[in-house]
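Input: a single structure, listed below in structure tokens.
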Amino acid sequence: MKTAKLITVTLEKSADVARLREVAMTLTSVLQFGPFERTRTVTAVVELGRNAIEHGQKGRATFSLTEVNDKPALGLRVTDQGRGIPKENLEPDGPPTSSAGMGLGLRGVQRIATRFDVETGHEGTQIDAAFQPSGSLPASPRLFDQATEALNELSAKDPTAALSEQNRELSEGIADRDLLMQELHHRTGNNLALIVALIRMSKSQAVQEETQQVLTELEVRVGSLAKAHELMQRGTNAGKVDLSEMLDEVARTSQRAFSGGALDASIEVSCEALQLDSKLAIDIGLIIGELITNAFKYAFVGRDKGLIRVEVTGEPEHGITLVVSDNGVGLPADAGRPERSNSLGWRMIRTLTFQHDATLTVDGADGLRVHIKFPAQA
């Protein structure tokens, strides 16, 4: 019979010790412990649980069916988040290890247990113990079923305790997931910032104008993503992004990326505070970044000054209108339609617009004016 997990008891407060005792009593009965050894084993289990609560801040006790010398035994793993057990408390002749001064202490538990291993450090303590009855109970797959049935009966007698344990396990799982996601987002943000820095460094060292142009466009795109990620992390409304703040950053990133040449073009952004779904906000930011990039590249040929305007109106519930315009040269009469261009930028604009069922129109009569209407958001 391999080790098989049975149940985990959370250890946070004194009431949890009572639950721990009931589980230990139930399982020692299934394993047919004698009255005296059953009392000793339950006392040892309670001692470990109490120490985890009083010294370890918080812990859990996991019961299992295991084997020692090819015979069934009750396995118990107790973990906590404390500062560890002092080395002298683990020595045979060290000071008492029971917080109350009246319990068994770790050495007392060790004398009772058939197997007793301790791993301790500043991150916490893990104790693995096994308790074996003196009788010759044979190992059997049926033993696990009997233990499970006994625990189910115990939960049925006290459904409130079982539900409380389930709720705490769920809360712990959610907390662990949230902590993992926070770490993931933190690393993602750092990586995006590093990528932007590397792009800028590479651009400053690039010799060919075409390479500088490509890196400039890439800087704007990645910068938009980095800002959106930052806003999602800072926001109090999960999954929402402040579009106004994001577009201001897109404009600043674009202005910085295209500065340094002969052209002095300014960007004006008009957008009220709008909390949008992160997907829509990121896509709008990418669209505007591409349109600003196109304006810097093509709108002001032969000029040393220019103006780019970004206007966002409406509300998510009724639809949002986006207008990006410039006072540049506009479109020549024989020019192809830019919205049908096969360039990467316009392909991105078309794809992102289509994904949100938005309508796209372009007017090149007096400068270039791109109008995108996003439908109401559900």
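The values are calculated or read from the model by the stated rules, or taken from the named source; none is laboratory data. Keep in mind the model is a prediction, meaning the values are calculated, not measured. We place every Cβ from the backbone using ideal geometry, glycine too, and count neighbours over all the protein chains shown. Surface accessibility is based on the protein's heavy atoms, side chains included, excluding ligands, DNA and RNA. Shrake-Rupley method; radii C 1.70, N 1.55, O 1.52, S 1.80 Å.
In the range 306-336, how many are in contact with a Phe, Trp or Tyr (Cβ under 6 Å, 6 or more places away or on another chain), more than 16 Å from His371 (Cα to Cα) and either assigned to a strand (DSSP E or B) or open to solvent by 80 Å² or more (accessible area, probe 1.4 Å) (or both)?
1
What number of residues in the range 337-358 are open to solvent by 50 Å² or more (accessible area, probe 1.4 Å) and in a loop (DSSP other than H, G, I, E, B)?
3
Sort out which residues of the range 242-285 are open to solvent by less than 60 Å² (accessible area, probe 1.4 Å), among the polar types (S, T, N, Q) and assigned to a helix (DSSP H, G or I), and write them in order of number.
Of everything in the range 242-285, those that are open to solvent by less than 60 Å² (accessible area, probe 1.4 Å), among the polar types (S, T, N, Q) and assigned to a helix (DSSP H, G or I) turn out to be Ser244, Thr253, Ser254, Ser278.
Open to solvent by 10 Å² or more (accessible area, probe 1.4 Å), touching a residue at least 12 places away in the same chain (Cβ under 8 Å), touching a helix residue (DSSP H, G or I) at 6+ places or on another chain (Cβ under 7 Å) and outside any loop (DSSP other than H, G, I, E, B): which single residue out of Thr43, Thr26 fits that description? Write out each step before concluding.
Details: Thr43 fails: touching a helix residue (DSSP H, G or I) at 6+ places or on another chain (Cβ under 7 Å).
That would be Thr26, the only listed residue that is open to solvent by 10 Å² or more (accessible area, probe 1.4 Å), touching a residue at least 12 places away in the same chain (Cβ under 8 Å), touching a helix residue (DSSP H, G or I) at 6+ places or on another chain (Cβ under 7 Å) and outside any loop (DSSP other than H, G, I, E, B).
I'm checking my understanding of the structure. Among residues of the range 46-72 that are part of a loop (DSSP other than H, G, I, E, B) and touching a Leu at 6+ places or on another chain (Cβ under 9 Å), which one is most open to solvent (accessible area, probe 1.4 Å)?
To start, the set of residues in the range 46-72 that are part of a loop (DSSP other than H, G, I, E, B) comprises 56-58, 69-70.
This time we only want the ones that are touching a Leu at 6+ places or on another chain (Cβ under 9 Å), so: 56, 58.
Working: Gly56: 1, Lys58: 62 Å².
In this case the residue turns out to be Lys58.
Can you tell me which residue within the range 359-378, out of those that are farther than 17 Å from Val312 by Cβ and assigned to a strand (DSSP E or B), is most open to solvent (accessible area, probe 1.4 Å)? Break it down into steps so the answer makes sense when it comes.
Here is the first cut: in the range 359-378, the ones farther than 17 Å from Val312 by Cβ are 362-368, 378.
This time we only want the ones that are assigned to a strand (DSSP E or B), so: 362-363.
Values: Val362: 23, Asp363: 80 Å².
By that ranking, first place goes to Asp363.
Looking only at residues that are closer than 18 Å to Gly289 by Cα and out of contact with any helix residue (DSSP H, G or I) (no Cβ under 6 Å at 6 or more places or on another chain) in the range 201-220, which one is modelled with the lowest pLDDT?
By that ranking, first place goes to Gln213.
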